[in-house]
1. Would you mind giving the mean number of other chain beta-carbons within 10 Å of the Cβ of each residue in C:87-93, as a whole number?
2. Per 5 Å bin from zero, what fraction in whole % of the C-alpha pairs of region A:1-109 is there, up to the bin with the longest pair?
3. I'm a student and want to see the number: the projected area of the Cα convex hull of chain A, averaged over all directions, in nm².
4. What is chain B's relative contact order, in percent, from Cα pairs under 8 angstrom and six or more apart in sequence?
5. Give the Cα extents of region C:33-100 along the principal axes, in whole Å, largest first.
6. Need one number: the % of Cα-Cα pairs in region A:213-340 sitting beyond the 19 Å mark.
7. Could you identify which residue out of C:Tyr215, C:Tyr122, C:Tyr53 has the top mean-square fluctuation in a GNM of chain C using Cα springs shorter than 10 Å?
8. Using Cα atoms only, what is the angle between the long axis of helix A:172-189 and the major principal axis of chain A, expressed in degrees (0 to 90) to the nearest 10?
Amino acid sequence: MTPIQSGQSLRLAGVSKTYGGFRALEPTDLDVKAGEFLTLLGPSGSGKTTLLNLTAGYVEPTAGEIRIGARDVTHMPARHRNIGMVFQNYALFPHMSVGENVAYGLSVRRLPKPEIARRVGEILALMRLDGFADRPVQQLSGGQQQRVALARALVIEPDVLLMDEPLGALDKQLRRSVQLELRRLHQKLGRTTIYVTHDQEEALVLSDRIAVMDGGRIQQLGTVDDLYDRPLNAFVAGFIGESNLLPVRVLSTSGGQASVDVEAFRRTIAVDAAPGTATGEPARLLIRPEHIELGLGGDGVAAEIVEVIYLGELTQLTLRLDGGETLAARQITDRTLRAGARVHVSWKPGHARAVPHSPSKPTKTEKADA
Amino acid sequence: MARRHLETACLLGPALVVLALLFVVPLGRLFSLAFTDPAGPFATFGVLADSAVYRQVMWNTFVVAVMVTALCVLLAWPVAYVLSRLEGVWFGLALYGVLFPFWISVLVRTFSWMLLLERNGPINRLLMATGITEAPLALLFNNVGVLVGMIHVLLPYMILPLYGAMVRIDRRLLLASDGLGAGLIDTFRRIYLPLCLPGLAGGATFVFLLSLGFFITPALLGGSNAITLSMLIASFVNDRLAWSLAAAGSLALLAIVLVLMALTARLLPIERGLFAR
Amino acid sequence: MNRLPLVLRISANAGASLVLAFLVLPILAVVPASFNKASFIYLPPRAWSGVWYERFLADPEWRTSLVNSVEVATLATIIAVALGTLAAIGLRRIDGRWRTLVTGLFLAPMIVPVIVTAVALYRSALDVGLSGTILGMSLGHAILALPFVVINVGIALRAVDDNWLRAAAGLGAGPWRIFRTVTLPNITPGIVGGAIFAFITSFDEVIIAVFMAGYASKTLPVKIWESIRLEFTPVIAVAATVMIALAIVLFALAQIFSRKTGSPSR
């Protein structure tokens, strides 16, 4: 099914935000295509909520320019931006019914009453909330409140839909089903969406592209494959999926390849290298647990199995190298693998990757995310 | 951002302007009168400090405030404790008992006490009928009347913060102390009392400061036998038109109140106000 | 302490009951006093009658004072509620040092002894010709009542989530509309509570009124104050009973409203 494209593009150019002496967002460029679902993923204090609030117009940027479609909205107050916002705590108006909450944005726009009623009815039906219009919002369950918040944001046909950890208050089971529903809804409506979360699984399920944030800057922007297979630095590599990250010394680099000295292996190897990997700069060797191959001989790195956890189809192993470092590995379950066994660790060319270390900037306060 | 500041100024502005014009400026103008005596800028304070009569008035004001505060602390204790243990209807009833007097005019309550404490009033007649006393006691127009009336007005200010502190005490702490072998007195002295202290200190400070400036109750129940500073100030204005003395007295009273507030705020763990976020 | 010995428990309960009786019962003594038949107050009355109520209503001075009180309190309430509500909203938008300073200023009329405020106001009122006027008293009472409104509305505002305001702004509402449709409905109980408090503060106030009142602008408490100093007639008890009755009505209203505030909890 081809998504209908019914949002606007969003462009941030050199946007930054400083509170007092604290830099909540470093100068940032971001292009979101019309109809795209983009997730801002990062730990708390990474600047993702600041970025969202700048886009919404709740916070004015210290520098830079923000455009929605062709409109420059940098200094435009939130109410003129035509954005839809879903808050983590939903922020439903407690003195209004479900219908009144959803109708709010339309009545602010002074639409005729019959049209308001029609559009509220449509969106409630779409959100499977038919018959709830007259209910007080406080009588709803968490999941229902979440759908009302979404309906309220969508009914005004926003150019961009912004969601700030909208599933944060739901329990795990419910979160899973709402994720799928959000995905289905986005495919149907095709609204440009910026979604903030710290849950990588949620990001993977929902997004066209993900911006991984840390220390007030976007560390990498890309598709799930980009982030997983070609992380730009050790933070992204560690934040997305599971990973083994071993300290290495970069001896030389050329054309996307690097020669690195891996102390844990006590040998020098040639691997793919992320751009930015440079001689003399701190770097890490990334090997995903599922890419580790175990053999009983060959020229692999010698290790001992110290822990075996059966997860059904897969088995998770902890290996100890002779130097003392440990590696995590995941294998198709093979009952012959026992703790104490000696093995040789190897990987396919292209499955080991050198990435710059790029320590994430320590953030002074949580203010950026508050 | 500038727009937001403008909005905030528009919200706070009217109240600030009115407060400045009707409160700050009049206070400033009054206080400036204290320094206008022809004999020198501080002559009025000299008059207040040198006169034995005025010193007696200040001493009396202080003594009454101390006694009122001490008695309020004593009387508030059982009520606050019982309130913190009660539930349901009884709790509501007891709480209304404490809150109800708040809503009744101090003047009306003082008048009530005048009727009760009169020489031929019901209390004296009861005392004589039960043989506790032969002749009627002088309960009115002296410090006894002032104390009774002021305690009646100020006691709720002591009960409520103390109750607030008690109700927040986690009962498991007391059980834990019990379990660690502490006796009743030890548990009270080392656990319960320290935890009540913020409420106790806050209430006592409030009662003391309010007693210093009390006017209606001492004026009606104490009369000319128990003059307090506030009565003196009023008489400077009304009877003697001695504005500079009234101003000096007012300034002294306010200064004492502010100094005590600053001191207690620093020394005692008083509850932070209502505007803490 | 969970198992306070029986003796202590009984004495705590007995003590509390006695103190509560001390707080409540004496207030009610004026009610029987107002039904005395004699021309002086004797408690409890030896003969009952409502004659002093007729006297109260027939006497133009008492009647005028009651009307004056209502006028002064109404005016003071309007001023205090308007200024205090705006101020409480404004207070939420400032931070740190300024917030502490401005809050302190708004609460100052509660801290400065009323006698000091009264003398200061009286002096300035004399200079500008407001002494002896209803307006002068109302303004003075509004100053005393302002902190109660700021506190009450401030408490109500704490329940207003900043995200509601942001959500409304995101949906296209301007500041005034947000205030009218989101903030105001959620703080109305606080405003009403503050208004009731402001009204009773003014209605009961004696000290400022005693200084400021002119011959024709005495309020009910001023009239009571003056009458007490002349003679104890049961009319005073009638006036006091009227004040108690009004206080009880307002107290009940405030209870009803505070219960309403409690209901929209999540």
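1. Counting Cβ atoms of other protein chains within 10 Å of each residue's Cβ and averaging gives 6.
2. 2, 10, 18, 21, 19, 15, 10, 5, 1, 0
3. So the mean shadow area of the Cα hull is 22.1 nm².
4. Averaging sequence separation for qualifying contacts and normalising by length gives 27 percent for chain B.
5. Answer, in whole Å and largest first: 63, 26, 13 Å.
6. Looking at region A:213-340, the distances longer than 19 Å represent 55 percent of pairs.
7. Of C:Tyr215, C:Tyr122, C:Tyr53, the most mobile in the Gaussian network model is C:Tyr215.
8. Rounded to the nearest ten degrees, it is 70.
Read-outs throughout are calculated quantities, based only on the coordinates presented, and are distinct from any laboratory measurement. Nothing here was measured: the structure is a model prediction, and the numbers come from that model. Methodologically, a virtual Cβ is constructed for each residue, glycine included, from the backbone with ideal geometry; neighbour enumeration extends over all protein chains shown.
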